[in-house]
Structure formats: structure tokens, C-alpha cells
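Participant: Before I ask anything, let me first share the structure, which is written out below as C-alpha cells.
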Amino acid sequence: MSPEFLHTMVRVGDLPAALKFYCDGLGLTQVARADNEAGRFTLVFLASPADIARMGGVPAGKTPTQMDIAMIELTHNWDEADYQGGRNFGHLAYRVDDIYAATQRFADLGVTISRPPRDGRMTFIRSPDGISVELLQKGAALPPQEPWASAPNIGVW
């Protein structure tokens with residue numbers, strides 16, 4: 001297994017204030033943004049200028065999961081203004097060569113698969129300490145495959 005670190009997701013209640021902190025204060029640069037009207041959320045991906053330079057700039061037409069740099073994903077849920085008790089930390093994300101093999105490896109270790117890779121693209125698991133970890137298929141999604149295609153979500157992810 002050769003996972004690639006992708007991003008750490010942090011929920012934010014005030015997106016302009018968060019962008020001021022991470023961009024103006026920390027010096028990160030916005031590399032992608034997606035506003036989802038139906039889901040009532042905005043995703044903003046940030047990276048350091050040094051990482052962007054190492055990548056050769058922000059590639060046109062690539063999604064954040066296709067970029068070869070680690071990022072922070074700011075998730076702004078439009079109807080949530082205040083996160084208490086650490087709920088603002090979302091998840092770690094890694095890209096893997098085979099989503100089914102990676103998911104099975106965790107299942108064999110006794111890890112509960114919170115969100116199975118029904119779509120051949122994404123799964124969520126939790127560390128022993130309850131940290132949510134997203135695994136994403138490298139490249140195109142794999143064809144749906146049992147037992148994952150019909151597996152239900154278990155718990156939260």
C-alpha cells in the first residue's frame with residue numbers, strides 16, 4: 001500500500017474570517033473552491049505557495065484530489081455557525097491505488113467501514129481514537145464490486 005496524503009478537512013463557521021486567517025495570516029493560497037447550493041455548503045482548498053511552486057503551479061482543470069500537494073479543505077456548512085467540542089475537525093484524506101484492497105485491509109484488521117466504497121471511489125473509516133479517515137481511489141473510480149456495492153453505512157463518517 002502506498003497512500004498519498006491529500007488533505008485535512010476543517011469545518012468553519014465564518015468562511016471570510018477563516019480565509020483571512022489561513023490566507024492573510026498563514027499565507028496559504030486558494031487553489032480550488034466549490035459552492036454546492038443543493039447541499040448548502042462551500043469547500044475551499046488551500047495550499048502553501050511553496051507546495052504550489054513545487055507542483056509547477058495550479059494545473060487547470062484538475063480537481064484537488066488530482067493535485068500532488070497536501071492541502072487544507074475548509075468546509076463551510078451554510079446553516080452551521082458555531083462548532084463546539086472539536087467538531088470543526090473533519091477528516092484526513094489519502095489517495096490509494098486500489099480502494100477495494102485498501103478497504104478490505106482495514107476490514108481484515110477489524111476496523112468498521114463507516115462508509116463503504118459502493119461507488120468504487122471513496123470510503124471512510126475511523127482510527128482507534130475516532131479520527132475520520134477518507135480513502136479515495138487514484139484515477140477513475142473502479143467498477144462497483146461486492147461486498148461493497150450493497151454494504152450500508154455504519155455509524156458516522
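Participant: Looking at Asp68, Asp51, can you tell me which residue is open to solvent by 70 Å² or more (accessible area, probe 1.4 Å), in contact (Cβ under 8 Å) with a residue 12 or more places away in the chain and over 19 Å from Ala17 (Cα atoms)?
Facilitator: Criteria check complete, one pass: Asp68.
Participant: Can Pro59 be described as assigned to a loop (DSSP other than H, G, I, E, B) and either basic (Lys, Arg) or open to solvent by 30 Å² or more (accessible area, probe 1.4 Å) (or both)?
Facilitator: Judged against the criteria, Pro59 is a match.
Participant: Looking at Thr75 and the list (1) within 29 Å of Tyr100 (Cβ to Cβ); (2) out of contact with any Phe, Trp or Tyr (no Cβ under 7 Å at 6 or more places or on another chain), which single condition is not satisfied?
Facilitator: For Thr75, the exception is condition (2).
Participant: Where the second residue is among the polar types (S, T, N, Q) and open to solvent by 30 Å² or more (accessible area, probe 1.4 Å) and the first is free of Cβ contacts under 8 Å to residues at least 60 places away in the same chain and under 15 Å from Pro3 (Cβ atoms) and lies in the range 113-138, which pairs have Cβ atoms under 7 Å and are six or more apart or on separate chains?
Facilitator: Val133/Ser127
Participant: Could you list all residues from the range 1-42 that are charged (D, E, K, R), within 23 Å of Gly139 (Cα to Cα) and either at pLDDT 90 or above or open to solvent by less than 50 Å² (accessible area, probe 1.4 Å) (or both)? Steps first, answer last, please.
Facilitator: First pass over the range 1-42, keeping only residues charged (D, E, K, R): 4, 11, 14, 20, 24, 33, 35, 37, 40.
Within this subset, residues satisfying the condition of being within 23 Å of Gly139 (Cα to Cα) are 4, 33.
Of everything in the range 1-42, just one residue is charged (D, E, K, R), within 23 Å of Gly139 (Cα to Cα) and either at pLDDT 90 or above or open to solvent by less than 50 Å² (accessible area, probe 1.4 Å) (or both), namely Arg33.
Participant: Do we have Glu80 as out of contact with any helix residue (DSSP H, G or I) (no Cβ under 8 Å at 6 or more places or on another chain), open to solvent by 40 Å² or more (accessible area, probe 1.4 Å), farther than 22 Å from Ser2 by Cβ and in contact (Cβ under 8 Å) with a residue 24 or more places away in the chain here?
Facilitator: Yes; evaluated as a whole, the condition is true for this residue.
The values are calculated or read from the model by the stated rules, or taken from the named source; none is laboratory data. Treat the numbers as computed from the prediction; the structure is a model and nothing was measured. As a convention, Cβ positions derive from the backbone with ideal geometry for all residues, glycine included, and neighbour counts pool all protein chains shown. With ligands, DNA and RNA removed, areas are computed over all heavy atoms of the protein, side chains included. Shrake-Rupley method; radii C 1.70, N 1.55, O 1.52, S 1.80 Å.
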